[in-house]
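S.K.: Next up is a structure, given as structure tokens.
Since every read-out is calculated from the coordinates, none of them should be taken as a lab result. Not measured: the values here are computed from a predicted model.
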Amino acid sequence: MANLQLTRNLYKYREAHNYTQDKVSKYLNITRQAYSNYETGKRNPDIDLLIKLAELYGVTLNQLIMDSYSSSLIRENRPPYITAAEPESKATLFLSKEETDLIMKYREASPEDRYLVMKILNN
């Protein structure tokens, strides 16, 4: 069953950014017809596509899926998620700004501080 709010938001956010279905589908690496099915409610996008769409439009997943469209929600060049990929696999992890900041602080920490962080996290 289609999420009517999502289908409406997909259309509204795409139009607000002056994107074509073709442009969005290329960004998502799917066919235009597959993307069209999401806008019309014939199919539901999986979580990975939803995250990419939220990133594209600069909104949160909640705003994309559940909230009514509002042009005031669009944040230029400030996606809510940052992608991180595992080099050995094709797996992707989506990090919030808070998680990214934590990783950056960990990288800058001394070996002793890193040890303490790992000790806390492993308990």
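S.K.: Give me the extension gain from residue 123 to residue 62: residue separation times 0.36 nm, minus the current Cα-Cα distance, reported in nm with one decimal.
M.R.: On the way: separation 61, 0.36 × 61 = 21.96 nm, distance 3.22 nm.
Fully extending the segment from residue 123 to residue 62 adds 18.7 nm.
S.K.: Something else: Can you pick out the pairs among 26/97; 97/119; 23/52 whose Cα atoms lie more than 19 Å from each other?
M.R.: Violating the 19 Å limit, Cα to Cα: 26/97; 97/119.
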